[in-house]
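A.B. asks: Following this message is one structure expressed as structure tokens.
Since every read-out is calculated from the coordinates, none of them should be taken as a lab result. Quick caveat, the model's predicted, so the values are computed rather than measured. Heads up, the Cβs are rebuilt from the backbone with ideal geometry, glycines too, and the neighbour counts pull from every protein chain shown.
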Ligand SMILES: Cc1cc2nc3c(=O)[nH]c(=O)nc-3n(C[C@H](O)[C@H](O)[C@H](O)COP(=O)(O)OP(=O)(O)OC[C@H]3O[C@@H](n4cnc5c(N)ncnc54)[C@H](O)[C@@H]3O)c2cc1C
């Protein structure tokens, strides 16, 4: 049974971390309680900032014993509300931000062991200092933490070549709901000595355990990269371009991002100093990145060949190859800015979905015509990771419409888009997870056996329901 912690219980929790790392003053809690898109605003009697794994274990043990619900929180950049306690719930926040040390780095063995609260950007910097690469790349990397990345199985723009967070984890250290510490922090490339327990926690959104540290895979840094920005007439042409780029560059194709013209129009309007990299506005754009382990010249040659052949085959209307690092960064800045700029265009109804990559053109055609027919004047501003079949099918409000009235149609529009997603056997929660936002949607759209297995796992690892309950799967 969930419990609103009484003052004496709050004092016991505070004692574990020392009172200066226990926040009870609502004026100091703002940044833990507002979600980045402002879709969720929460409330909590207590934010705890433990400084060691033992403190995390003691907090979870006390919570389990006393029936208090704990919500693990990393950088608070999650987009489905699972890190935010609902108002009046009495749930307390366990922030991992002080557990942020790089414990060790092995450049030869290509691994790094890091505490959960380290930001993704800090991990990039540590890897770079050792002349290695940690490839996970998200626009939120300055704030999001590796524990949050693993708990959400984050994707981003480098999945095409390196996989999502799951494929970058060698081992984990996790505190279980009852306070026991599971030490699975191994750095093995192979281990078939039973169930691969770490996989349960990856993507579980803090509902099965609190990740306190991770052993991660590192890679050799590419010696050269080439970035290009191309305009294409349709997603069908983009798919043909993807196939061509993959056949020429293989795993060297490290980025392939599809962007609709409307999303780019927003970026050009709201990102100061930005300009369109190609001559004329087009219905769709693609950002390509090719990396080489040998040299920049090799990456450039592969990109030139991709674009040359694609122009000849008329898959590409126009293309610009970045001539400098600054220009490459400018191209990526346009892509990374696409979430942010939509905020300036009023309300935006989101669909983080995936379909098999080959079905992406048909899905986009159908979904765009379905929403524009059902919601006249709405502006589809879709963009995403075409190579992974994952598109952020965001739809901005009609120009001049009332934001609140538009957003009130959230579920109705979701219904229209998700019908098309399910027709293509796609996922309605492709990258950002389920959290609180998609709890009912998942319950409606997943087969009963899937839901039953998920409930079994939750009940086995958190029988008292004190760890982030009613996220991912509802308690029965
Ligand atoms: C501008 C922007 C761009 C983004 N781009 C992408 C993208 O390209 N790809 C993508 O996948 N996501 C993206 N996201 C979403 C978000 O950044 C990721 O989900 C990120 O992995 C969340 O990390 P966090 O540390 O902020 O976690 P939080 O938001 O704090 O938490 C997210 C979830 O993880 C749980 N959690 C956090 N830390 C731990 C821990 N140590 N142990 C157990 N559970 C934990 C929380 O309880 C919650 O359920 C983006 C977000 C923004 C704002």
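A.B. asks: Just the Cα atoms of the range 102-220: what Rg and Dmax do they give in Å?
C.D. replies: That works out to 13.2, 40 Å for Rg and Dmax.
A.B. asks: Using Cα pairs under 8 angstrom and six or more residues apart, how large is the relative contact order of the chain, in percent?
C.D. replies: On the way: 1006 pairs, mean separation 70.9, N = 476.
Normalised by residue count, the contact order of the chain is 15 percent.
A.B. asks: Fewest to most neighbouring Cβ within 10 Å: what's the order for 303, 454? Kindly include the intermediate steps, with their values, before the conclusion.
C.D. replies: Details: 303 26, 454 19.
If I rank by nearby Cβ atoms, fewest first, I get 454, 303.
A.B. asks: Testing the spin-label approximation: label points 7 Å from Cα along Cα→Cβ at residue 365 and residue 25. State their distance in nm.
C.D. replies: So the two model labels end up 6.1 nm from each other.
A.B. asks: Please rank 217, 458, 333, 403, fewest neighbouring Cβ atoms within 10 Å first, as an exposure proxy. All intermediate terms of the calculation are to be shown ahead of the outcome.
C.D. replies: Details: 217 20, 458 24, 333 14, 403 11.
By the 10 Å Cβ count, ascending: 403, 333, 217, 458.
A.B. asks: Now for a separate question. Treat the count of other C-beta atoms within 10 Å as a stand-in for reagent exposure and order 354, 89, 324 from fewest to most.
C.D. replies: On the way: 354 23, 89 18, 324 8.
With the fewest neighbours first, 354, 89, 324 line up as 324, 89, 354.
A.B. asks: Further question on the same structure: Suppose we look only past 29 Å in the calculated P(r) of the chain. What percent of the Cα-Cα pairs does that tail hold?
C.D. replies: Details: 57645 of 113050 pairs.
Cα-Cα pairs of the chain separated by over 29 Å account for 51 percent.
A.B. asks: Describe numerically, in nm with one decimal, the distance between label points set 7 Å from Cα along Cα→Cβ at residue 166 and at residue 476.
C.D. replies: Distance between label points: 2.4 nm.
A.B. asks: Could you tell me which of rounded, prolate or oblate describes the range 57-141, using a ≥ b ≥ c as the square roots of the eigenvalues of the alpha-carbon gyration tensor, with rounded for a/c under 1.5 and, failing that, prolate when a/b is larger than b/c and oblate otherwise? Each step should come with its number before you reach the end.
C.D. replies: Details: a/c = 4.04, a/b = 1.94, b/c = 2.09.
Taking the square roots of the gyration eigenvalues as a ≥ b ≥ c, the range 57-141 is oblate.
A.B. asks: Now for a separate question. Checking the a/c ratio against 1.5 first, then a/b against b/c, what shape does the Cα gyration tensor give for the range 7-95? Before the final figure, lay out the partial values.
C.D. replies: On the way: a/c = 1.69, a/b = 1.64, b/c = 1.03.
Prolate, since a/c reaches 1.5 and a/b exceeds b/c.
A.B. asks: Considering only C-alpha atoms, what is the centroid distance from the range 33-71 to the range 361-402, in Å?
C.D. replies: What the calculation gives is 36 Å, centre to centre.
A.B. asks: Here's something else I'd like to know. Taking a virtual spin label 7 Å from the Cα of residue 318 along the C-beta vector, which residues in the range 225-258 bring their backbone nitrogen under 17 Å of it?
C.D. replies: Of the residues in the range 225-258, 228-234 have backbone N under 17 Å from the label point off residue 318.
A.B. asks: How would the range 346-440 be classified by its alpha-carbon gyration tensor: rounded, prolate or oblate, with rounded meaning a/c under 1.5 and the a/b versus b/c comparison settling the rest?
C.D. replies: On the way: a/c = 1.86, a/b = 1.41, b/c = 1.32.
Verdict is prolate for the range 346-440.
A.B. asks: At residue 183 and residue 343, where each label point lies 7 Å from the Cα along Cα→Cβ, what is the point-to-point distance in nanometres?
C.D. replies: Reported label-point gap for residue 183 and residue 343 is 4.3 nm.
A.B. asks: On the first, second and third principal axes, largest extent first, how far apart are the outermost C-alpha atoms of the range 224-340 in Å?
C.D. replies: Principal extents (Cα only, largest first): 37, 29, 22 Å.
A.B. asks: If I take R0 = 45 Å and measure r between the Cβ atoms of residue 445 and residue 295 in this structure, what FRET efficiency does the formula 1/(1 + (r/R0)^6) give, to the nearest 0.05? The partial results should precede the final answer.
C.D. replies: On the way: r = 47 Å, r/R0 = 1.05.
Once the sixth-power term is evaluated, E becomes 0.40.
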